Amino acid sequence: MTSEGFAAAKVNLTLHVTGQRDDGYHLLDSIVVFADIGDRMWFEAGPQMHISVTGPFADGVPTDHGNLVWQAAELAGWTGRITLEKNLPHGAGIGGGSSDAAAVLRAFGGAGRAVTLGADVPVCLSSLPQRMQGIGDVVNPMQALPDMEIVLVNPCVVVPTGPVFSGLTSKHNPPMADKLPTFVDAQAFCAWLGAQRNDLEAPARLIAPEIGAALETLQGALLARMSGAGATCFGLFANGAAQAAAQIAQAHPDWWVRAGRVIR
């Protein structure tokens, strides 16, 4: 019997870097949401592990223990055949591999040890809006957010995470307020988000100036910002995301551009 899983794109609407531990892990304060855009997986139980990868970003994805999906299955104590349809670009700041691993843990167990697979995996266990703190291991659900559409734009450049963090001018920056306000609509939420930050955006743009070009294409959004360590940028819209994405894709046919909704 075959079951199916979905690994939604993770979007950091904010990403405040608030410190660094002695072991090198950075401390974060981030609002994370998920888009109804992502990778798909099919599972068929069996005596041995096997992964096959399809989709537009299948090239370069490991099909052995190097894949977080394989590691998540081992953590859950499950074996069988997994077909992974890779629709999210690699190294894109939208948690593709972490979200894939979390989908396996949701299906077969082991969620309590998710952080052992990576700091981004715990927040990907739920597709609902969350506030992520610590190294990613402190995750709390957000209040209900307004209905919003989203456009994701990746200029097809890979930004290595290590150099981005190394490029921070300060690793001890203010967090968000302890208590977040209530948001009556998308416009109010985006106005508040505009006063928050992604501390990694500036060093990422120095490494990949294409990020700035991607943000320029999203100027019609209520808010445009880079997600995670880049290079994917997002635009939040009350409506009209599909039209905006079509215009960006037409102007930049070599970029990855998708429109969808924020999962609530």
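Screening Asp178 with (1) in a helix (DSSP H, G or I); (2) open to solvent by 30 Å² or more (accessible area, probe 1.4 Å); (3) closer than 26 Å to Leu27 by Cβ; (4) not aliphatic (A, V, I, L, M) gives one miss only, at (1). Determine, yes or no, whether Thr161 is over 20 Å from the mean Cα position of the chain (by Cα) and of a type in the set (Val, Ile, Thr). No: the conditions fail for Thr161. Contact map, the range 37-59: first residue under 23 Å from Ala259 (Cβ atoms), second residue among the β-branched types (Val, Ile, Thr) and open to solvent by less than 70 Å² (accessible area, probe 1.4 Å), Cβ cut-off under 7 Å, separation 6 or more or different chains; pairs are Met41/Ile82; Met41/Thr83; Thr54/Thr83. If you go through the range 48-107 and pick out every residue that is part of a helix (DSSP H, G or I) and more than 29 Å from Cys233 (Cα to Cα), you end up with 5. Quick check on the range 197-210. Is at least one of its residues modelled with pLDDT of 95 or more, under 15 Å from the mean Cα position of the chain (by Cα) and open to solvent by 10 Å² or more (accessible area, probe 1.4 Å)? There is at least one residue in the range 197-210 that is modelled with pLDDT of 95 or more, under 15 Å from the mean Cα position of the chain (by Cα) and open to solvent by 10 Å² or more (accessible area, probe 1.4 Å).
Residues in the range 6-32 that are in a strand (DSSP E or B) and farther than 20 Å from Leu152 by Cα: 9 in all.
Scanning the range 113-151 for residues that are part of a helix (DSSP H, G or I) and either crowded, with 17+ Cβ neighbours inside 10 Å or free of Cβ contacts under 8 Å to residues at least 40 places away in the same chain (or both) yields Arg113, Ala114, Val115, Leu117, Pro122, Val123, Cys124, Leu125.
Taking the range 33-57 as the range and being open to solvent by 40 Å² or more (accessible area, probe 1.4 Å), within 23 Å of Val158 (Cα to Cα) and in contact with a Ser or Thr (Cβ under 8 Å, 6 or more places away or on another chain) as the test, only Thr54 passes. The C-beta contact set for the range 163-186 (first residue closer than 19 Å to Gly228 by Cβ and in contact (Cβ under 8 Å) with a residue 60 or more places away in the chain, second residue of a type in the set (D, E, K, R) and part of a loop (DSSP other than H, G, I, E, B), distance under 7 angstrom, 6+ apart or interchain) comprises Leu168/Asp199; Asn173/Asp199.
The values are calculated or read from the model by the stated rules, or taken from the named source; none is laboratory data. Worth saying up front: this structure is predicted, and the values here are computed from it rather than measured. In this analysis, Cβ positions are derived from the backbone assuming ideal geometry, glycine residues included, and neighbour counts consider all displayed protein chains. Accessible surface is based on the protein model in full, side chains and every heavy atom, while ligands, DNA and RNA are left aside. Shrake-Rupley method; radii C 1.70, N 1.55, O 1.52, S 1.80 Å.
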